[in-house]
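Here's the structure we're looking at; comments come further down.
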Amino acid sequence: MDSCKLTFAIGLLLSLLCRPGTPEMFSSTRQLIKLLAAESRILTAAEDFITQEKERLQSLKDQLKLIRKRYNEGLVPRSPDYQETRGYIVPLPEPPEVEAERVDYVGHPVNAYNLIKTWHSVSYQIVEQSRLNQRGSLAQYDQVNECPIPLLSPTDFHDTMASLSTSMPTQTDISGSIDAIVRLQETYELPTNSTADGVVMGTHASGVLSSRDCYVIARKAEEIRQSGFAIQWYEKALENSYDEWWVKDAFYRLGTLLKGLASYERGLGYLRIAQEMDPENRTVVDMVASAENTVDRNENFTASTYRKPPHEYRRYHVGWLSDYMKLCRGEHFDRDPEVVKALYCTYRYGILPYLRYNEEIFNFNPRIALIYNVIKNRDINMLKDKATAGLSSSRVGDPAKSKLSNERISKTSWLWDTEDERIFKLSKQVADITGLSTQYSTLHSHAEPFQLVNYGIGGQYQPHFDYYENDMLRNVPAFIQDTGDRVATFMFYLSSVKAGGATVFPKLHVRIPAVKGAAAFWFNIRRSGDREPLTQHAGCPVLLGEKWVANKWIRELGQEYNRPCGLTPEATDFDY
């Protein structure tokens, strides 16, 4: 019996026997006759349903067995032990190195993708099924087979799994992690074969990407016009797969891409394979005919083979975006030799004369510096612990109309000076280091609260300005209304990043690495009061590891005597 007939029959059985509000049957022989007449069909359908359920559960069991095997073999970090405390299940304390192992594991993009994919599959089969059951409807609709879907009654097991649904990956996580892999390859020019094999910058993942994963990544690369990478991912996907449903589509897309890049004969070869697999597809047939005509018209045609490196077929980027990616990769730029020669490291003295900090100057005008050892591990852990519960997807744009965007892939949380004495002291420390006022108040505040940012797989913030543009200042929160713009940015690095994650200034060709315990500091507003467009900056995609930062934005109000206007419009922060 096909799946549609099966599900319809089970739905019929449930509607006859279990539907809430259905009139009783015992009071009418006609109702009983209907049940008796349907008995044979319902019996067969129920037996088939049980068979299919056994197959589904066996598939799920095999999947969980594989996860357990990898767990027992130490291919993934171990989970903590738990205990019940006052009615709550809480994890037992663990040594710091265990947490570090987990950070290293999920900090690898292939591990992170496989983790998300695995548990999304499990949750789809268990948690989602339970959630549907708990809606009270005994029949849902199968959009694929266009027929009702019978649902099992909830069990204690389903209820337990359903309670975990908020921590289970969703389809959005699957899509986001695929986007991240493509973004990382585009930015860092990662080789396709080694990435598919789970090797990124010499670091091995605990698993590899499947053929279907490669196909899905190829689709994404094609979507963003990365033809070179798309071709490589399609070829990788087809190395060991011929029976999957997506194979004919991969052959067609691969042939079409190669044809578009003037690799006609090779493209024609793939298109012919696609036609053999789907001879009735008019689109494929027409594309084959077009490729054949193109080859026939070129008498002096020499078969071209796709041998170019990926970057030769990359989509075009405007200058600053191209420079941004080069900076993220750490490529060398020829800056003014006189400027580079003059850069130096020094001691920075704050308001308190007995405190000094190690400072490295990265640029003079505007002044951009990295100040080392300005926050202790205990304060780093405190900030991260307090921020974790309030993390939400980062937004961009006008405060009144902010939106989610792929320009910024991270989560943020805000921590106020009034929330904890330790946070207040950190704000005072920023004031001591910078010589600027960070006084907080409910009206006319001199600074904003700390913005904690945690970056995920391929997390980034594309080039942007910290100062507000156009009419955005009208829409800022009440506590910073009429306080001017963000005169300065002070950014604590709360973690070091194994690869990627640098802060870059594309217009200045400046690159600052993420160094745990250090802080980047620069002025967004010139001493003349004008905005400084050269401070356009970006957070490069995180390639390996974890990135946390804490931003403190300081307002113009309150700095009149701390950073006075210059004697000339061109005055810099070295002209005192």
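The values are calculated or read from the model by the stated rules, or taken from the named source; none is laboratory data. None of the values given here were measured: they were computed from a predicted structure. Positions of Cβ are generated from backbone atoms using ideal geometry, with glycine treated the same way; all protein chains shown enter the neighbour counts. The area values use the complete protein model at the heavy-atom level, side chains included, leaving out ligands, DNA and RNA. Shrake-Rupley method; radii C 1.70, N 1.55, O 1.52, S 1.80 Å.
The table for this structure:
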{"quantity": "Qualifying residue in the stretch 359-372 (condition: surrounded by fewer than 17 Cβ atoms within 10 Å (Cβ to Cβ) and of a type in the set (A, V, I, L, M, F, W, C))", "calculated": "yes"}
{"quantity": "Residue ID - surrounded by the fewest Cβ atoms within 10 Å (Cβ to Cβ), chosen from residues in the stretch 195-218 that are of a type outside the set (S, T, N, Q) and more than 13 Å from LYS236 (Cβ to Cβ)", "calculated": "GLY202"}
{"quantity": "Residue in the stretch 552-574 that is assigned to a loop (DSSP other than H, G, I, E, B) and within 25 Å of HIS332 (Cβ to Cβ) present", "calculated": "no"}
{"quantity": "Residues satisfying the stated conditions in the stretch 514-527, i.e. of a type outside the set (A, V, I, L, M), in contact with a Ser or Thr (Cβ under 8 Å, 6 or more places away or on another chain) and surrounded by fewer than 20 Cβ atoms within 10 Å (Cβ to Cβ)", "calculated": "LYS516"}
{"quantity": "Matching residues in the stretch 314-331 - criterion: being out of contact with any strand residue (DSSP E or B) (no Cβ under 9 Å at 6 or more places or on another chain), part of a loop (DSSP other than H, G, I, E, B) and at pLDDT 85 or above", "calculated": "GLU331"}
{"quantity": "Matching residues in the stretch 491-506 - criterion: being open to solvent by less than 10 Å² (accessible area, probe 1.4 Å), under 19 Å from ASN358 (Cα atoms), of a type in the set (A, V, I, L, M, F, W, C) and not in a loop (DSSP other than H, G, I, E, B)", "calculated": "PHE492"}
{"quantity": "Qualifying residue in the stretch 406-426 (condition: open to solvent by 40 Å² or more (accessible area, probe 1.4 Å) and among the small types (Gly, Ala, Ser))", "calculated": "no"}
{"quantity": "Unmet criterion (only one of (1) open to solvent by less than 20 Å² (accessible area, probe 1.4 Å); (2) in contact with a Phe, Trp or Tyr (Cβ under 8 Å, 6 or more places away or on another chain); (3) among the aromatic types (Phe, Trp, Tyr)) for PHE574", "calculated": "(1)"}
{"quantity": "Any hit, the stretch 142-156, residues being assigned to a helix (DSSP H, G or I), modelled with pLDDT of 55 or more and open to solvent by 60 Å² or more (accessible area, probe 1.4 Å)", "calculated": "no"}
{"quantity": "Top-ranked residue of the stretch 250-272 - restricted to ones that are assigned to a helix (DSSP H, G or I) and among the aliphatic types (A, V, I, L, M), ranked as surrounded by the most Cβ atoms within 10 Å (Cβ to Cβ)", "calculated": "LEU254"}
{"quantity": "Single residue of LEU66, LEU14, LEU32, LEU60 found to be under 48 Å from the mean Cα position of the chain (by Cα), at negative phi and at pLDDT below 80", "calculated": "LEU14"}
{"quantity": "Some residue of the stretch 385-399 being of a type outside the set (Gly, Ala, Ser), in contact (Cβ under 8 Å) with a residue 40 or more places away in the chain and over 30 Å from LEU115 (Cα atoms)", "calculated": "yes"}
{"quantity": "Residues being closer than 26 Å to ASP485 by Cβ and touching a strand residue (DSSP E or B) at 6+ places or on another chain (Cβ under 8 Å) - total across the stretch 515-536", "calculated": "13"}
{"quantity": "Candidates HIS509, HIS464 - the one that is surrounded by fewer than 21 Cβ atoms within 10 Å (Cβ to Cβ) and under 13 Å from CYS328 (Cα atoms)", "calculated": "HIS509"}
{"quantity": "Qualifying residues in the stretch 428-461 (those that are farther than 23 Å from PRO366 by Cβ and hydroxyl-bearing (Ser, Thr, Tyr)) - the one least open to solvent (accessible area, probe 1.4 Å)", "calculated": "SER445"}
{"quantity": "Residue check for LEU473: open to solvent by 10 Å² or more (accessible area, probe 1.4 Å) and either closer than 17 Å to TRP414 by Cβ or assigned to a loop (DSSP other than H, G, I, E, B) (or both)", "calculated": "no"}
{"quantity": "Among (1) part of a strand (DSSP E or B); (2) within 27 Å of the chain's Cα centre (by Cα), the one test that ALA488 misses", "calculated": "(2)"}
{"quantity": "Odd one out for GLU239, checked against (1) assigned to a loop (DSSP other than H, G, I, E, B); (2) over 29 Å from ARG183 (Cα atoms); (3) modelled with pLDDT of 90 or more", "calculated": "(2)"}
{"quantity": "Close pairs from the stretch 272-290: first more than 19 Å from TRP245 (Cα to Cα) and at pLDDT below 90, partner assigned to a helix (DSSP H, G or I) and not aliphatic (A, V, I, L, M), Cβ under 8 Å, at least 6 apart", "calculated": "SER290/LYS259"}
{"quantity": "Residues of the stretch 537-576 that turn out to be touching a residue at least 60 places away in the same chain (Cβ under 8 Å) and within 21 Å of GLY484 (Cβ to Cβ), as a count", "calculated": "14"}
{"quantity": "Filter result (out of contact with any Lys or Arg (no Cβ under 7 Å at 6 or more places or on another chain), more than 17 Å from VAL284 (Cβ to Cβ) and open to solvent by 10 Å² or more (accessible area, probe 1.4 Å)) within the stretch 225-240", "calculated": "SER227, GLN232, GLU235, LYS236, GLU239, ASN240"}
{"quantity": "Qualifying residue in the stretch 71-92 (condition: assigned to a helix (DSSP H, G or I), on the phi < 0 side of the Ramachandran plot and at pLDDT 80 or above)", "calculated": "yes"}
{"quantity": "Some residue of the stretch 343-363 being in contact (Cβ under 8 Å) with a residue 40 or more places away in the chain, part of a loop (DSSP other than H, G, I, E, B), of a type in the set (Ser, Thr, Tyr) and at negative phi", "calculated": "no"}
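Residues are listed down the side, and each one gets a yes or a no for (1) touching a Cys at 6+ places or on another chain (Cβ under 6 Å); (2) over 30 Å from ILE178 (Cα atoms); (3) modelled with pLDDT of 95 or more:
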residue: ILE351; (1), (2), (3): no, yes, no
residue: ILE380; (1), (2), (3): no, yes, yes
residue: LYS401; (1), (2), (3): no, no, no
residue: SER413; (1), (2), (3): no, no, yes
residue: GLU421; (1), (2), (3): no, yes, yes
residue: THR438; (1), (2), (3): no, yes, yes
residue: SER445; (1), (2), (3): no, yes, yes
residue: VAL453; (1), (2), (3): no, no, yes
